[in-house]
Amino acid sequence: MTAQGITHEAHGEMRKGKLSGSMARDLMSGNYRTWNRMLKELRDPPPFYGVGPNTPAPLKWGKQHEDRALAIWWDRHPTVDLLNPVCVAYRGDDPLWQRHVVTSPDRVIYDPRAGRVILGLEAKCPYTEGRMAAWITKGGCPPEHYDQCAFGTLVTGLPWVFVAYDPRMAEGNEFFEVRVEVPQSYLDEMFEKGTRFLQMLESGGEFQPTTRQAAKLKEMFP
């Protein structure tokens with residue numbers, strides 16, 4: 001695993017044109033139209049503007065409260081250190097993945113007793129009121145963020161922890177954390193789909209429907 005501490009702007013540049021955790025849910029869909037949209041985004045990535053006046057409100061809200069979420073987590077786990085945001089390259093020996101894949105945890109967790117990084121951390125501060133309550137009621141990692149965390153584990157080989165914070169919640173419910181358990185079979189499936197996707201990315205082609213009915217529909221509605 002290789003990691004580099006970076007600024008927010010440099011972080012965006014390093015992710016440009018790379019398959020990253022934010023695309024993991026779409027990757028696992030296996031849908032050819034979705035994959036073709038992803039191909040287009042990676043081949044012709046939009047400019048990265050960082051956080052500014054035109055930043056969407058949900059992202060701005062998240063950035064505003066993320067530090068508090070991390071501070072609460074650290075207060076509950078004082079024997080480890082939270083390292084600054086990083087961009088992490090694929091840790092395996094597959095050249096295809098090394099060329100095209102990164103992940104960017106909100107923090108990595110360093111255990112000074114073990115002398116190594118032991119966890120990746122993803123923090124979310126939901127913009128929509130009520131979402132946090134739904135997450136707490138259901139328990140576990142929210143499905144909409146599971147694949148992003150699983151992708152982090154696949155890329156780094158590290159377990160992942162998901163934390164969430166919403167200051168609008170009642171005291172005692174404003175924060176929760178969960179260890180994200182990912183079966184090896186799911187990681188294997190993600191790697192297989194990622195490999196197929198990256199092979200197409202390098203080939204310059206696009207995915208086609210896999211059934212006769214889907215092909216007919218594509219002809220009718222290109």
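Just a few scattered comments:
- Residue in the range 177-188 that is modelled with pLDDT of 95 or more, in contact with a helix residue (DSSP H, G or I) (Cβ under 8 Å, 6 or more places away or on another chain), assigned to a helix (DSSP H, G or I) and closer than 21 Å to Ser20 by Cα present: yes
- Test: residue in the range 34-51 that is modelled with pLDDT under 90, farther than 30 Å from Met200 by Cβ and of a type in the set (A, V, I, L, M): yes
- Of all residues in the range 117-163, those satisfying the criterion of being more than 20 Å from Pro183 (Cβ to Cβ), surrounded by fewer than 20 Cβ atoms within 10 Å (Cβ to Cβ), of a type outside the set (Val, Ile, Thr) and out of contact with any Phe, Trp or Tyr (no Cβ under 7 Å at 6 or more places or on another chain) are Glu129, Gly130, Arg131, Ala133, Ala134.
Conditions (1) free of Cβ contacts under 8 Å to residues at least 24 places away in the same chain; (2) more than 19 Å from Pro126 (Cα to Cα); (3) in contact with a Leu (Cβ under 6 Å, 6 or more places away or on another chain); (4) in a helix (DSSP H, G or I), marked per residue:
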| site | (1), (2), (3), (4) |
| --- | --- |
| Gly152 | no, yes, no, yes |
| Phe162 | no, no, no, no |
| Met200 | no, yes, no, yes |
| Gly205 | yes, yes, no, no |
| Gln208 | no, yes, no, no |
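- In the range 107-150, residue nearest to the chain's Cα centre (by Cα) [restricted to those that are more than 24 Å from Lys60 (Cα to Cα) and part of a loop (DSSP other than H, G, I, E, B)]: Gly140
- Residue list for the range 80-90, filter: in a loop (DSSP other than H, G, I, E, B) and within 23 Å of Leu70 (Cβ to Cβ): Val80, Asn84, Pro85
- Any pair with Cβ under 6 angstrom, 6 or more apart, that starts in the range 91-106 at a residue that is in a strand (DSSP E or B) and ends at one that is buried (at least 22 other Cβ atoms within 10 Å of the Cβ) and at pLDDT below 90: Val101/Tyr90; Thr103/Val88
The values are calculated or read from the model by the stated rules, or taken from the named source; none is laboratory data. The structure displayed is predicted, hence computed values, not measured ones. Note that we place each Cβ from the backbone using ideal geometry, even for glycine, and neighbour counts take in every protein chain shown.
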